[in-house]
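Data block below; observations after.
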Amino acid sequence: MTSQFFLTDNEATEQFGARLWTRLPEKSLIFLHGDLGAGKTTLVRGLLRAAGVTGTIKSPTYALIEEYEIRERKIFHFDLYRLAEPEELEWIGIDDYLNENALCFIEWSEKGEGVLPVADVHITLTIQGGGRLLQIDGLKL
Ligand SMILES: Nc1ncnc2c1ncn2[C@@H]1O[C@H](COP(=O)(O)OP(=O)(O)O)[C@@H](O)[C@H]1O
Ligand SMILES: [Mg+2]
């Protein structure tokens, strides 16, 4: 099951994130695909805002992971761009994160290939004109 959406601006990407918050099962593994600047972090930011996270929402580019716990729900946001080898994920205890009842978003999942399991949902963002094309697989919207 694949669907496509055109997101005209930053707001539209955040709103799509908010929609995901209402639709994703409580425990889901979501891989976010797309070039730098495609809008992966923006999408997660929209979801986190809808979930009720206030204050600055940082991209996990340097920390590798940002964790959120809000209203008994957990959200893990990974960015593996700086991962040198997939085995680093084992050192940080990736399995413990993945076994939690949580939403787990992973940017640059390609870097974790061989260690990461198969995702429930794939979202691909592509820059198209002034906006973004979003393709989603594995979730009916
Ligand atoms: N639908 C959209 N149309 C145009 N610009 C967008 C859209 N969604 C997000 N952006 C902008 O594109 C950039 C995306 O950055 P970011 O979310 O950090 O990308 P990534 O995490 O994929 O590297 C931001 O400047 C954001 O404001
Ligand atoms: Mg990002």
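Going through the range 6-54 one residue at a time, which ones are closer than 11 Å to Arg132 by Cβ and either away from ligand 2 (no atom under 16 Å from the Cβ) or free of Cβ contacts under 8 Å to residues at least 40 places away in the same chain (or both)? Let's see the steps before the verdict.
So in the range 6-54, the residues closer than 11 Å to Arg132 by Cβ come out as 6-10, 12-13, 16, 34-35, 37-40, 42-43.
Those that are closer than 11 Å to Arg132 by Cβ and either away from ligand 2 (no atom under 16 Å from the Cβ) or free of Cβ contacts under 8 Å to residues at least 40 places away in the same chain (or both): Phe6, Thr8, Asp9, Asn10, Ala12, Thr42.
Among the aliphatic types (A, V, I, L, M), away from ligand 1 (no atom under 13 Å from the Cβ), open to solvent by less than 90 Å² (accessible area, probe 1.4 Å) and within 16 Å of the chain's Cα centre (by Cα): which single residue out of Val44, Val53 fits that description? Don't jump to the end; show me each part of the working.
Values: Val44 fails: away from ligand 1 (no atom under 13 Å from the Cβ).
Criteria check complete, one pass: Val53.
I need a count of the residues in the range 75-122 that are of a type outside the set (S, T, N, Q), within 13 Å of ligand 2 (Cβ to nearest atom) and in contact with a His (Cβ under 9 Å, 6 or more places away or on another chain).
4
Kindly list the number of the only condition in (1) within 13 Å of ligand 1 (Cβ to nearest atom); (2) in a helix (DSSP H, G or I); (3) open to solvent by less than 30 Å² (accessible area, probe 1.4 Å) that fails for Leu20.
Status for Leu20: all satisfied but (1).
One residue is enough: does the range 111-120 have a residue meeting the conditions assigned to a loop (DSSP other than H, G, I, E, B), in contact with a Leu (Cβ under 8 Å, 6 or more places away or on another chain) and within 12 Å of ligand 1 (Cβ to nearest atom)?
No, every residue in the range 111-120 fails to be assigned to a loop (DSSP other than H, G, I, E, B), in contact with a Leu (Cβ under 8 Å, 6 or more places away or on another chain) and within 12 Å of ligand 1 (Cβ to nearest atom).
Scanning the range 58-101 for residues that are more than 12 Å from the chain's Cα centre (by Cα) and among the small types (Gly, Ala, Ser), which turns out least open to solvent (accessible area, probe 1.4 Å)?
This residue is Gly93.
Looking only at the range 59-72, how many residues end up being within 16 Å of ligand 1 (Cβ to nearest atom) and out of contact with any Ser or Thr (no Cβ under 9 Å at 6 or more places or on another chain)? Walk me through it before giving the result.
Of the range 59-72, the ones within 16 Å of ligand 1 (Cβ to nearest atom) are 59-66.
Adding the requirement that they be out of contact with any Ser or Thr (no Cβ under 9 Å at 6 or more places or on another chain) leaves 62-65.
Of the residues in that region, 4 qualify.
The values are calculated or read from the model by the stated rules, or taken from the named source; none is laboratory data. In this text, all values refer to a predicted model and were calculated from it rather than measured experimentally. Counting neighbours? That spans all protein chains shown, and the Cβs are built from the backbone with ideal geometry, glycine included. Just so you know, the surface numbers come from the protein's heavy atoms only, side chains and all, with ligands and any DNA or RNA stripped out. Shrake-Rupley method; radii C 1.70, N 1.55, O 1.52, S 1.80 Å.
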